[in-house]
Each structure stands twice: as C-alpha cells, then as structure tokens.
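Colleague: Below you will find the structure I want to go over with you.
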Amino acid sequence: MNINNTKAVLFEGLVEKCFHFTATSISKLKARANSEIISETKQNTVISSLQAVLAFLWIAVLRATSNLHTSFDEIKETMFAFAVNNKTKLIPPLPEAYSGNSITHVNVTATDDEVLKRGFGFLASLLNKVVNSINDGKIRSTFETMTKIPFIINDEAGTRKKVLMARSSHRFNMYGIDFGWGRPIAIKTGISGKSNGMTILNEGPVEGSIDIDISLPIEVFEAMENDAEFMEAFLY
C-alpha cells in the first residue's frame, strides 16, 4: 500500500489524497479484522475485504482527529455513511444486465470512546452487521417510505459532523475500458461533490488492489502519517 502525495486542494482548508491498497495489504487487513472479531466475540463473522479496508481507514481518521483537539471534540459520535447494492438482496434478484443502480443508503454510528477502546475489528464488525441487515423486506419498506416522505440526501453533512461518506465502487471495471487511446493510467474524480470526509472508492491499477480518495483537512492527514499503526500497513 502507498500514499499518493499529490494533494488536490479543494476548499475550506480541505485537500484530497489517494491511498493505494495492494492485494497483499488488503489480505492482511482482512485476516486481522476477522482474527480480532473471533478473539473478542468468539464468533466466526466473515468480514469482506472492503469492510476491512474501510474500517482501517475510518479508525485512522478518528484517531487523527481525536489527537488534534479540534472542534471535533465537541461531537462524541463518529459515523460512516455508505450505499449497499440491492441487486442480489432483492427477491427475485435483479438481473446482471439491469440498467441503473438500486441501492440503500445506510449509516453506521458509534461513540468515539467505544471505537478507540475496541478498535479496528470492532468497526469492521459494525460495517458487516449493517450490510447483512439489508434484505428484500427492508429494501421494499424503505422505498415505500421514500415515495410517501421524499427527502434529499445532503452531501454537506461531513462539513458539520464527524462523518465519513463512501461512494462509487472498487468493482467498477474502470481500467478495462479502452476508447482506442490505450489502457487508462489513473482514475481521477474531480472536485464536484467533495466535502469533509468524502471517500471515493475505485478499482486499483493492479488486479485485486483498491484506490481510495478521501477529502480531509491537511492537519488530519499529517496526524495520520505520524500514526505508527496506520503507517505499518504501508510496509505490505
């Protein structure tokens, strides 16, 4: 894994950095998350690669913000917001060739003290639990409620709360698309829709790798790069 030190300057003191997770680092994080959960709960919960990577990044950001003694300290909860793919969870499942997206927006919330005490495996288990709770009945109920009480998703939540918001997917075949110019060399997501904590998932350039762009204040990135536990993963 490595960090792309090219910083995209956004607004309001935010910058964006790209974290590249190799297949090897992802495998190690996944094994560690599953091991920690078994050790704490004695239950054999299966954590996915993406859940392990997001939990690892989430707790690193929380440690960094907690150590800075900023206005974040006034908020005692942390939250991760992301979308769950409904296609295979519906009954019957949507066909592979279905045109468009069917997603459910979910929020995973925990107190700072609980997260910092229980750690990486605990966060991964929270993500896993929420994803597994989405089923056909819950999806249909959510859609029915939305038609009766419409609402607008506010991407600016991260500017006011201690929130990470994930969008896009590492499963999109971005590097396999060739318009006659040759294979793409990198994926860039632009400035649109970026706010504090916005996290963009992309397929990495090497099979099995994941690239994550995240927008944060520069002092948070500096604290993360001084975090020994976080930087240890960069050895893989």
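Where a number appears in this text, it was derived from the coordinates with a stated rule and is not lab data. In this text the structure is predicted, and so the values were computed from the model without any measurement. Quick reminder, even Gly has a Cβ in these numbers, built from the backbone with ideal geometry, and neighbours come from all protein chains shown.
Colleague: Mind listing which chymotrypsin sites (Phe, Trp or Tyr not before Pro) in region 164-222 are in a DSSP loop and have 16 or fewer other Cβ atoms within 10 Å?
Modeller: Numbers: sites: PHE172, TYR175, PHE179, TRP181, PHE221; in loops: PHE172, TYR175, PHE179, TRP181.
Sparse-neighbourhood loop chymotrypsin sites (Phe, Trp or Tyr not before Pro): PHE172, PHE179, TRP181.
Colleague: Moving on. Calculated from the structure, P(r) over Cα pairs in 5 Å bins from 0, in percent equals which of (1) 1, 6, 13, 17, 20, 18, 13, 8, 4, 1, 0; (2) 1, 5, 10, 12, 14, 12, 11, 10, 9, 7, 5, 3, 1, 0; (3) 1, 5, 12, 15, 16, 12, 8, 4, 2, 2, 3, 4, 4, 4, 4, 3, 2, 1, 0?
Modeller: (1)
Colleague: Oh, and also: Long-range amide H contacts for MET174: which residues qualify at under 5 Å (H placed 1.01 Å from N, peptide plane, sequence gap of 5 or more or a different chain)?
Modeller: Residues meeting the amide H criterion: GLU203.
Colleague: Using 0.36 nm times the number of residues separating THR88 and THR109, minus their current alpha carbon distance, what extension gain do you get?
Modeller: Values: separation 21, 0.36 × 21 = 7.56 nm, distance 2.49 nm.
Answer, rounded to one decimal: 5.1 nm.
Colleague: Follow-up. On a 20 Å Cα-Cα criterion, which of the cross-link pairs LYS30/LYS138; LYS17/LYS188; LYS17/LYS162; LYS76/LYS162; LYS76/LYS117; LYS89/LYS188 come out too long? List each step's numbers first, then the result.
Modeller: On the way: LYS30/LYS138 28 Å; LYS17/LYS188 11 Å; LYS17/LYS162 18 Å; LYS76/LYS162 9 Å; LYS76/LYS117 14 Å; LYS89/LYS188 30 Å.
Result: LYS30/LYS138; LYS89/LYS188 exceed 20 Å.
Colleague: From the helices alone, meaning DSSP H stretches of at least four residues, give me the mean residue ellipticity at 222 nm for the chain, per-run term -39500 (n - 2.57), in deg cm²/dmol to the nearest 500. Walk me through the intermediate numbers first.
Modeller: Values: 7 runs with 86 residues, N = 236.
Computed mean residue ellipticity for the chain: -11500 deg cm²/dmol.
Colleague: So in the chain, what percent of DSSP beta bridges are antiparallel if you round to the nearest 5?
Modeller: Details: 27 of 34 bridges.
Bridges in the chain that DSSP calls antiparallel: roughly 80 percent.
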